[in-house]
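The values are calculated or read from the model by the stated rules, or taken from the named source; none is laboratory data. All values derive from a computational prediction rather than experimental measurement. Note: ideal-geometry Cβ built from the backbone for every residue, glycine included; neighbour counts use all protein chains shown. For the accessible areas, the whole protein counts, side chains as well, though only heavy atoms, and no ligand, DNA or RNA atoms are used. Shrake-Rupley method; radii C 1.70, N 1.55, O 1.52, S 1.80 Å.
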Amino acid sequence: TSTNRASVWSPLAQMLYKVPDSRDQVRLALTRTFKAPAASNLIPRRFTTPNNSQTDPDYRGNPDLKPELATGIDASYEHYWAEKALLSASVSVRRISDYTRQGLLFEDGRWIQTPVNDGDALTRSLELEAKFPLSAVMQNVPDIDLRASLARNWSRVDAVPGPDNRLDQQVPVSGTLGVDYKTPGGKLTTGASFAFKNGGNVRVNVEQSRYQSVRRELDVYALWKLNPTYQLRLAATNLLAQDTVSESRYVDDNGVQRRTTFSDGQAVARVTLESRF
């Protein structure tokens, strides 16, 4: 058995300023956040692979793993320019200590992947968001709501040489587009959303790097209110059924080893009867 216990002083300060003579507002927050390790990263049991190598290692948790601590600042400006219409821009900067990454060991003739704390990391982000009813820009139109968002993220891990020494789970660029339509009377609501997440290369350490392909997802739904108690929901997700590609690379004096994984995309349809009590 193993025990992992950690505690941290985590203060939070927030400010909200409402701009005079408008509905606009400015938000500012100073934070110190605590991210505990996942339980699977703490269990020291080893899970073996049949073709053990640098790109397909065994996995073992680390019971001595420390939580990540992040000190940061968040700021946003929210502009309400019509009824239910919002434009916002937000930025954030965080300094992470005891950053957790996947380490690679060679032990008793086998390669083992295990999470380790490895110094500091810096992250920055910029996010833009817009949501508004179509009636805010046009007259005599159906009850349609539009929404969109765009996020750009940057990061740097101090202990890993560049290029591409960013957080291995971070998505550099992501965006969403969505539309919702409600029929007169509100009996039927339909909508669709499209999400984009780019991939690219990530350098995990001096020898290891990973690649993840771009992901595109299209979802649609329809919600029919049968009566005040029951409603029927039909949803279809991942309609583009895009295949994804991921790759692990290990480079040393003996050359390059690659392991490429192809995953077939599948669309999913679901029908749900919902009841309210």
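Structure data summary
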read-out: Average accessible surface area per residue within the range 129-277, 1.4 Å rolling probe, Å²; value: 63 Å²
read-out: Separation between Cα centres of the range 59-117 and the range 250-277, rounded to whole Å; value: 21 Å
read-out: Efficiency of FRET from Cβ geometry, Val171 and Asp253, R₀ 30 Å, rounded to 0.05; value: 0.35
read-out: The range 13-66, dipole about Cα centre (Lys/Arg Cβ +1, Asp/Glu Cβ -1), debye to the nearest 20; value: 200 debye
read-out: Reciprocal of mean inverse Cα separation for the chain (Kirkwood radius, Å); value: 22.7 Å
read-out: Dipole axis of the range 38-157 (+1 Lys, Arg; -1 Asp, Glu on Cβ), positive-most option in Gln139, Leu122, Ala75; value: Leu122
read-out: Within-13-Å neighbourhood charge of Ala6 [Cβ basis; K, R +1; D, E -1]; value: 0
read-out: Computed label-point distance, nm, for sites Lys18 and Leu226 using a 7 Å Cα→Cβ extension; value: 4.4 nm
read-out: Environment charge of Arg270, counting only residues whose C-beta is closer than 14 Å and scoring Lys/Arg +1, Asp/Glu -1; value: -1
read-out: Carbon plus sulfur fraction of accessible area for the chain, probe 1.4 Å, in percent; value: 55 percent
read-out: For the range 18-85, convex hull of alpha carbons as volume per residue, Å³; value: 179 Å³
read-out: Modelled FRET efficiency - R0 35 Å, Ile43 with Leu239, Cβ distances, 0.05 increments; value: 0.40
read-out: Length added when fully stretched, Ser246-Tyr77, from 0.36 nm per residue minus Cα-Cα; value: 57.1 nm
read-out: Lys, Arg +1 and Asp, Glu -1 on Cβ, resulting dipole of the chain about Cα centre, debye, nearest 20; value: 620 debye
read-out: Cα-Cα over 31 Å, subset of Lys131/Lys197; Lys66/Lys131; Lys18/Lys131; Lys35/Lys84; value: Lys66/Lys131; Lys35/Lys84
read-out: Cleavage-rule hits (trypsin sites (Lys or Arg not before Pro)) in the range 59-148: DSSP loop, at most 11 neighbouring Cβ within 10 angstrom; value: Lys84
read-out: Per-pair calculated FRET efficiency, R0 = 22 Å: Phe196 and Thr261 via Cβ, rounded to 0.05; value: 0.55
read-out: Extended-chain gain in nm, criterion 0.36 nm per residue less alpha-carbon gap, Asp158 and Thr31; value: 43.6 nm
read-out: Lysines whose Cα lies under 17 Å from that of Lys187, excluding same-chain neighbours fewer than 8 positions away; value: Lys225
read-out: Convex hull per residue volume in Å³, alpha carbons only, for the range 1-119; value: 156 Å³
read-out: Cβ-placed point charges (K, R +1; D, E -1), dipole of the range 181-263 about Cα centre in debye, nearest 20; value: 500 debye
read-out: Local electrostatic count, Leu234, Cβ distance below 15 Å [Lys/Arg +1, Asp/Glu -1]; value: +1
